[in-house]
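Below: the structure, in structure tokens.
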Amino acid sequence: MYRAPFPAQLSVSDRRVIDNNATDVRVYQVWKGSNKFFLGGRVIFGPDVRSIFLTITLIVIPVLLFCAFVSRRIIYAFDNHLGKLIIFILILLTVYDLILLLLTSGRDPGIIPRNSHPPELEEDGSTMSTDWLGSQSSAGVPNLPPTKDVVVNGVIVKVKYCQTCMLYRPPRCSHCSICNNCVERFDHHCPWVGQCIGKRNYRFFFMFVSSTTVLCLYVFVFSWVTIKKIMAEYDCNLWSAFLKSPVSGILILYTFMTAWFVGGLTVFHLYLICTNQTTYENFRYRYDSKRNPYNRGCVRNVCEIFLSKIPKSKSNFRAMVRVDSSSLFGSTMSLARPMSPNIRKKSFDIETGKRQAVVAEDFEDIHSQIDSVGGLERCGTQPRHIIQCENSNWEISPNISVMSAEFAMEQGFKDREKVCKKGH
């Protein structure tokens, strides 16, 4: 129904200026989202990447305490080789858990590249929202409908238009306000991994949460085994055993509390996987009371998550793009120029190509404000500034024309105010 518009035809002079001022940079260097890139754009994190260090600390420190203070008693309590195997499995689980954490946090979760221009109406027979069609019958200026109907497995699903990314989000896609990106099969933004959880990293996220649960239970069990061995060796009560190995008591308390959190999260996401839901859909739509169009049965749902091929990233963050330095400078100057708070002006963004039309009501407000300053009659002695050009073949780009019009409008108001003050 909608397609991206074709770029406007540039004059020879405009092309020459763009070619002279253009700079070749990589995509991640001009990325409009809030992501953090490392290793030359090979690794992508969310804006809250620092939280991953807290998560690593919460995993590594208990393991180090276990290895430093509890492992000796485990080795002595069991056969020499069996005790060393228990410690080796613990270290292996920890490394595996950290690798899954990095795979979840340091990869593209399924970001959909944003468009540089809004889509345009196209006759392709797509279904538009009936509410929008009714509003367009009374409106003079057509605009993009906020939603569009898409059929998924015989069920009509409404997809929304994203004003930031200037695209219609695919089904199960949502815009993350933290990362400022539209993410495919958006589940949630996890602060513990500092990244969105979407189509390309949900598998690793579930494996990370479940392996963390196993790690907590592993430390919890063998910490209890150490306490039981101390009670049998010294023939003492539980409190005395805790005093002889206080680190074991601390680990038991810590892993017990943590296992409830990550264990509950594992069970919840296991339910979501079996019913083919996301966290966002579960809290927002509640498929319990209506049909879930994505549910294909428990076995197929599990296979879709764990056995399907992970799609390639739709964004090549290391690709080279040419950026016009003059347009970036012009966009910065337009944002930095002070604007009168009493006059609503036409706003635009050169980088994204966004346009907001000034309707007739805005012109009425401008005329009323001019009359309040002093009226056109009082300023009638001021001659109009008319500039005539003998050469009418100059080609001016639309961006420069808009900027010139805004500057002339603002300067005209200032001149009229000065003349009116002198008249008083």
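The values are calculated or read from the model by the stated rules, or taken from the named source; none is laboratory data. Please read all numbers here as calculations on a predicted model, not as lab measurements. For neighbour counting, all protein chains shown are included, and Cβ atoms are generated from backbone atoms with ideal geometry for every residue, glycine included. With ligands, DNA and RNA removed, areas are computed over all heavy atoms of the protein, side chains included. Shrake-Rupley method; radii C 1.70, N 1.55, O 1.52, S 1.80 Å.
How many of the residues in the range 198-253 are in contact with a Lys or Arg (Cβ under 6 Å, 6 or more places away or on another chain) and open to solvent by 10 Å² or more (accessible area, probe 1.4 Å)?
Step one: filter the range 198-253 for residues in contact with a Lys or Arg (Cβ under 6 Å, 6 or more places away or on another chain), giving 198-199, 201, 226, 230.
Next cut, open to solvent by 10 Å² or more (accessible area, probe 1.4 Å) only: 199.
Residues in the range 198-253 being in contact with a Lys or Arg (Cβ under 6 Å, 6 or more places away or on another chain) and open to solvent by 10 Å² or more (accessible area, probe 1.4 Å): 1 in total.
Residues are listed down the side, and each one gets a yes or a no for (1) open to solvent by 40 Å² or more (accessible area, probe 1.4 Å); (2) modelled with pLDDT of 90 or more; (3) within 15 Å of Asn115 (Cβ to Cβ); (4) not in a helix (DSSP H, G or I):
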residue: Leu10; (1), (2), (3), (4): yes, no, no, yes
residue: Asp14; (1), (2), (3), (4): no, no, no, no
residue: Val17; (1), (2), (3), (4): yes, no, no, no
residue: Thr23; (1), (2), (3), (4): yes, no, no, yes
residue: Ser34; (1), (2), (3), (4): yes, yes, no, yes
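From the list Ser327, Ser308, Ser313, pick out the single residue that is surrounded by 14 or more Cβ atoms within 10 Å (Cβ to Cβ), assigned to a loop (DSSP other than H, G, I, E, B) and either out of contact with any Cys (no Cβ under 7 Å at 6 or more places or on another chain) or at pLDDT below 60 (or both). Sole residue among the options that is surrounded by 14 or more Cβ atoms within 10 Å (Cβ to Cβ), assigned to a loop (DSSP other than H, G, I, E, B) and either out of contact with any Cys (no Cβ under 7 Å at 6 or more places or on another chain) or at pLDDT below 60 (or both): Ser313.
For the range 37-65, the set of residues classified as among the aromatic types (Phe, Trp, Tyr) and open to solvent by less than 80 Å² (accessible area, probe 1.4 Å) consists of Phe37, Phe45, listed by residue number. Checked against the criterion of being among the aliphatic types (A, V, I, L, M), closer than 30 Å to Met257 by Cβ and surrounded by 12 or more Cβ atoms within 10 Å (Cβ to Cβ), the candidates Ala68, Ala77 yield just one match: Ala77. Filtered by the rule that a residue be of a type in the set (A, V, I, L, M, F, W, C) and more than 17 Å from Glu184 (Cα to Cα), the range 295-305 gives Cys298, Val299, Val302, Cys303. Only a single item in (1) touching a Phe, Trp or Tyr at 6+ places or on another chain (Cβ under 9 Å); (2) within 28 Å of Leu100 (Cα to Cα) is not met by Ser210, and it is number (1).
Can you pull out every residue in the range 171-191 that is small (Gly, Ala, Ser) and either at pLDDT 95 or above or surrounded by 18 or more Cβ atoms within 10 Å (Cβ to Cβ) (or both)? Spell out how you get there, then give the answer.
Going through the range 171-191, the residues small (Gly, Ala, Ser) turn out to be 174, 177.
Within the range 171-191, Ser174 is the sole residue that qualifies.
Of all residues in the range 152-170, those that are in contact with a strand residue (DSSP E or B) (Cβ under 6 Å, 6 or more places away or on another chain), in a strand (DSSP E or B) and either open to solvent by less than 50 Å² (accessible area, probe 1.4 Å) or polar (S, T, N, Q) (or both) total 5.
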